[in-house]
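Notes follow once the structure below has been shown.
The values are calculated or read from the model by the stated rules, or taken from the named source; none is laboratory data. What you are looking at is a predicted structure, and each value in this text was computed from that prediction instead of being measured. We place every Cβ from the backbone using ideal geometry, glycine too, and count neighbours over all the protein chains shown. The accessibility values were calculated without ligands, DNA or RNA, using every heavy atom of the protein model including side chains. Shrake-Rupley method; radii C 1.70, N 1.55, O 1.52, S 1.80 Å.
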Amino acid sequence: MAEEAISEVINAALLERLRQAYPLNWDGTHGFSHWRRVREIGLRLAEETRANPKVVELFAFTHDIQRLNDHRDPQHGPRASQFIREHLVEMLDLNSQEVALLCQACEQHTQGLTEADPTVQTCWDADRLDLMRVGIYPDPNLLCTAAARQPEMIAWAVSLSMESQGYGEGCPDRRLEN
């Protein structure tokens with residue numbers, strides 16, 4: 001069953017194509033609910049970082065599209081970038097610069113980098129701010145933008161992530177030791 005459109009950018013046809021391509025559990029750790037949170041976090045960050053919101057939205061729904069498992073898969077970012085170029089670009093209303101930013105954000109999102117175009121940084125921060133879904137409190141030192149490092153932004157994103165895990169509002173702060 002196809003999902004309803006999320007926005008003009010994330011339309012029903014694109015969602016159906018992503019559903020067909022995603023090899024893992026749609027409702028799993030790296031699936032649809034994670035993508036929705038990354039989108040919400042990213043768009044909120046983009047208001048401050050002045051990132052391209054279209055690229056941020058598309059990153060949210062494509063960065064994990066080619067994962068082979070929910071554990072260690074260091075090549076899923078490059079595979080996502082290749083998938084975008086080979087199978088999605090014709091569905092996306094992006095110019096060549098936007099495609100390049102989207103593909104860079106996807107390809108490098110697990111490399112721990114912090115320096116890049118503000119749109120790419122915003123994408124990476126949006127994903128990193130949803131780590132509490134797997135029990136990892138976001139480390140401000142690993143975030144790219146001042147907007148993402150704000151304590152209130154981190155607290156909001158952690159709360160959003162924890163709510164998705166059934167902890168509800170006001171969930172406990174479960175920072176992991178490094």
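Leaving ligands and nucleic acids out of the surface, order Glu86, Glu4 by accessible area at 1.4 Å, largest first.
Result, largest first: Glu4, Glu86.
Tell me, what ³J(HN,Hα) does each residue in region 30-46 have, in order and in whole Hz, if you take phi through Karplus 6.51 cos²θ - 1.76 cosθ + 1.60 with θ = phi - 60° and put x for Gly and Pro?
10, x, 3, 5, 5, 4, 5, 5, 4, 4, 4, 5, x, 5, 5, 4, 4
Keeping the other protein chains in place, figure out the carbon and sulfur percent of the accessible area of the chain, with a 1.4 Å probe.
For the chain, the apolar C and S fraction of the accessible surface comes to 46 percent.
Any idea what the relative contact order of the chain is, in percent, if you count C-alpha pairs under 8 Å spaced at least 6 apart?
The value is 20 percent.
Grab the DSSP H runs of the chain that are 4 residues or longer, score each as -39,500 (n - 2.57), total them, divide by all residues and round the 222 nm result to the nearest 500 deg cm²/dmol.
Calculated from helices alone, the mean residue ellipticity at 222 nm is -15000 deg cm²/dmol.
Using the Cα centre of the chain as the reference point, and only Cβ charges (+1 on K/R, -1 on D/E), how large is the resulting charge dipole? Debye, rounded to the nearest 20.
The dipole of the chain has a size of about 280 debye.
Under the rule of at least 5 residues apart or a separate chain, name every residue whose amide H is placed under 5 Å from the amide H of Ala5.
Long-range HN contacts for Ala5: Ala12.
Taking the Cα centre of region 6-94 as origin, work out the dipole magnitude from +1 charges on Lys and Arg Cβ and -1 charges on Asp and Glu Cβ, in debye rounded to 20.
Charge dipole of region 6-94: 160 debye, to the nearest 20.
Heavy atoms only, 1.4 Å probe, whole protein assembly: order Phe32, Phe61 by accessible area, highest first.
Phe32, Phe61
Expressed in nm to one decimal, what extension gain is obtained for the pair Arg19 and Arg85 from 0.36 nm per residue of sequence separation less their Cα-Cα distance?
Going from the current span to full extension adds 22.0 nm.
Go ahead and run the numbers for FRET between Glu8 and Trp156, Cβ-Cβ distance against an R0 of 22 Å, rounding to 0.05.
0.30
May I ask you to evaluate 6.51 cos²θ - 1.76 cosθ + 1.60, the Karplus curve with θ = phi - 60°, for each residue of region 6-12 and list the ³J(HN,Hα) values in order in whole Hz, giving x for glycine and proline?
8, 7, 5, 7, 9, 8, 4
When P(r) over Cα pairs in 5 Å bins from 0, in percent is calculated directly from the model, which label among (1) 1, 7, 13, 15, 14, 11, 10, 10, 8, 6, 3, 1, 0; (2) 1, 8, 14, 17, 18, 16, 12, 7, 4, 2, 1, 0, 0; (3) 1, 9, 18, 22, 22, 16, 8, 3, 0 fits?
(3)
Could you derive backbone 3J(HN,Hα) for region 92-103 from the dihedral phi with the Karplus parameters 6.51, -1.76 and 1.60 (θ = phi - 60°), listing whole Hz in sequence and x where the residue is Gly or Pro?
Using θ = phi - 60°, the values come out as 9, 8, 10, 7, 5, 5, 5, 4, 4, 5, 4, 5 Hz.
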